[in-house]
Amino acid sequence: MKTLFNFKLIAILLSFGFFATSCTTDDDNDNNNPKPSGNTEYNGEKFTIKNGYYALGNGIKLFGNAPTHHLDFLFLTDGTPKFSNDGEITEMQDGKIALLGALLSPDGASFKPGTFEYTNMAADINLTPAQVEAKYKNKAFFYESIVRMDTDGDKNWEEEADVKITGGTIKVTGALPVITTEYNLTLENGKTLKGSFGGTFQKLNMDVNDGE
């Protein structure tokens with residue numbers, strides 16, 4: 001179960017085309033950047049999120065002849081991950097929880113801050129193009145977003161299962177790379193994840209390839 005740690009797989013799951021990731025982080029932070037801060041509660045257990053990452057995707061066409069939304073990713077964790085060149089986290093010795101959000105901003109040109117609401121796009125398979133446009137035009141939303149936890153504390157993240165997010169909102173304010181996130185989420189196991197994180201997010205560089 002490597003889905004959470006591979007942005008490329010998330011893009012495939014979204015059925016919006018293919019892109020390869022080269023997950024090296026930008027090292028342009030300095031002492032003037034705000035200190036990250038964040039508190040998160042899952043099933044009564046509290047965590048302090050200390051690292052945020054973002055990866056910029058590409059324009060997505062949901063209806064019409066031009067991109068209508070922009071697909072991007074936010075990754076939050078209380079650990080310090082190390083990334084491989086294919087987009088997987090190879091190691092995270094000090095964390096217990098991680099959240100990956102696949103966000104779609106309206107207009108198709110770039111990432112836009114706003115309030116992203118969960119949408120089950122799998123339920124839209126029988127909608128007509130006009131119905132898709134009516135549902136998603138100018139709407140910010142997220143889909144195929146997941147949480148993973150090191151449930152037994154053995155630092156073996158690959159043995160853990162992804163838990164899908166099935167409801168709620170992710171609010172983003174500010175301008176990349178300095179943003180604040182607030183999230184109130186329902187998971188497929190019936191539990192909730194609530195919290196916030198603000199600070200300078202580190203960029204994961206991506207090579208974007210168009211696909212059908």
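One table, with the values for the structure above:
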read-out: 3J(HN,Hα) from dihedral phi, the stretch 97-102, Karplus parametrisation 6.51/-1.76/1.60, rounded to Hz, x for glycine, proline; value: 9, 8, 10, 10, x, 9
read-out: Surface accessible to a 1.4 Å probe, residue 163 within the full protein complex, Å²; value: 30 Å²
read-out: Probe 1.4 Å, protein heavy atoms only - accessible area per residue of the stretch 82-131 in square angstrom; value: 49 Å²
read-out: Segment residue 48-residue 164, extension gain: residue separation times 0.36 nm, minus the distance between their alpha carbons; value: 39.7 nm
read-out: Protein accessible area in the stretch 40-156, 1.4 Å probe - carbon and sulfur %; value: 48 percent
read-out: Residue 151 accessible area, 1.4 Å probe, all protein chains in place, Å² to nearest 10; value: 100 Å²
read-out: Accessible surface ranking that places the most exposed of 160, 41, 188 first, with a 1.4 angstrom probe; value: 188, 41, 160
read-out: Convex hull per residue volume in Å³, alpha carbons only, for the stretch 40-203; value: 118 Å³
read-out: Chain lengthening between residue 154 and residue 125 when straightened (0.36 nm per residue, less Cα-Cα); value: 6.4 nm
read-out: Contact order normalised by residue count of the stretch 40-203, Cα under 8 Å, 6+ apart, percent; value: 22 percent
read-out: Mean shadow area of the stretch 103-148, taken as a quarter of the surface of its Cα convex hull (nm²); value: 3.9 nm²
read-out: Table column - 3J(HN,Hα) (Hz), the stretch 135-146, Karplus curve with 6.51, -1.76, 1.60, x for Gly and Pro; value: 7, 10, 4, 6, 9, 9, 8, 9, 7, 6, 9, 8
read-out: Residue pairs, from the table 46/164; 50/137; 135/164; 135/203, whose Cα atoms sit over 29 Å apart; value: 50/137; 135/203
read-out: Other-chain or far-sequence residues with amide H under 5 Å of residue 95's (modelled H); value: 80
read-out: Probe 1.4 Å - accessible area at residue 142, Å² to nearest ten; value: 0 Å²
read-out: Order of exposure, largest accessible area first, which applies to 159, 91 with probe 1.4 Å; value: 159, 91
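The values are calculated or read from the model by the stated rules, or taken from the named source; none is laboratory data. All of these numbers come straight from a predicted model, not from anything done at the bench. To get the accessible areas, we keep the full protein, side chains included, count just its heavy atoms, and leave off ligands, DNA and RNA. Shrake-Rupley method; radii C 1.70, N 1.55, O 1.52, S 1.80 Å.
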